[in-house]
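Student: What follows is a structure written as structure tokens; I'll ask about it next.
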Amino acid sequence: MKKYFVVCAGLCAALAFTSCKSSESAYKKAYEKAKAQETTQPVEEAPVNVVAPVEEKPVTQTRVVDNMDNVQVRQESVSLVSGSGLKNFSVIVGSFSVRANAEGLQTQLKNAGYDAQIVKNENRNMYRVVAATFDSKSEAAASRNELRAKYPDAWLLAK
């Protein structure tokens, strides 16, 4: 009797597992139906609100924009660390928190023929590498534009 019961239970289990199997054609039909609905119904996209991030600036750093030529210039309180001295407008090509890194860039610029200098912004504890310094804003802007080929983040500093 036990053998008969075990054999019947095994057959029932085998039938139950094989009858529950879904066929590949059922999946294919469902996929084709979903694709057909997708192509016939236009998808309405929700409007996306773009919010610009808030940019915080310290009080000591301001941007001066001359309305005549729209060239942006920063004003920072800096002191000369190495070099011959700054004029009214300077082209900054690098900013470093470590003085040795600033000196390395200064050496590269001097080897390339620039009168490179290093200034320090005490408020931010940053060493700025000056590639060139000029009396006029237009000359400084032209020099900055040339230097941006090699130093894309170059910017102008007003004395």
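The values are calculated or read from the model by the stated rules, or taken from the named source; none is laboratory data. Source: prediction; values computed, not measured. Neighbour counts run over all protein chains shown; Cβ positions are idealised from the backbone, glycine included. When the accessible area is computed, the model is the full protein with side chains, heavy atoms only, and any ligands, DNA or RNA have been set aside. Shrake-Rupley method; radii C 1.70, N 1.55, O 1.52, S 1.80 Å.
Student: Select from the stretch 123-159 the residues that are buried (at least 18 other Cβ atoms within 10 Å of the Cβ) and assigned to a helix (DSSP H, G or I) and list them in ascending order.
Tutor: If the condition is that a residue be buried (at least 18 other Cβ atoms within 10 Å of the Cβ) and assigned to a helix (DSSP H, G or I), then Lys137, Ala140, Ala141, Ser143, Arg144, Leu147 are the ones that fit.
Student: Among the listed residues Asn88, Asn111, which satisfies the condition of being modelled with pLDDT of 90 or more and either of a type in the set (Lys, Arg) or surrounded by 13 or more Cβ atoms within 10 Å (Cβ to Cβ) (or both)? Before the answer, list the steps.
Tutor: Details: Asn111 fails: either of a type in the set (Lys, Arg) or surrounded by 13 or more Cβ atoms within 10 Å (Cβ to Cβ) (or both).
Every option except Asn88 fails the conditions.
Student: Let me ask something else about it. Spot the failing condition for Thr39; the list is (1) among the β-branched types (Val, Ile, Thr); (2) surrounded by 10 or more Cβ atoms within 10 Å (Cβ to Cβ); (3) assigned to a helix (DSSP H, G or I); (4) at pLDDT below 90, and only one is missed.
Tutor: Against the list (1) among the β-branched types (Val, Ile, Thr); (2) surrounded by 10 or more Cβ atoms within 10 Å (Cβ to Cβ); (3) assigned to a helix (DSSP H, G or I); (4) at pLDDT below 90, Thr39 comes up short only on (2).
Student: How many residues does the stretch 19-35 hold that are at pLDDT below 75 and of a type in the set (A, V, I, L, M, F, W, C)?
Tutor: Residues that pass the stated criteria total 2.
Student: In the set Ala116, Ala102, which member is at pLDDT 90 or above, open to solvent by less than 30 Å² (accessible area, probe 1.4 Å), over 27 Å from the mean Cα position of the chain (by Cα) and over 15 Å from Lys159 (Cα atoms)?
Tutor: Within the list Ala116, Ala102, the selection yields Ala116.
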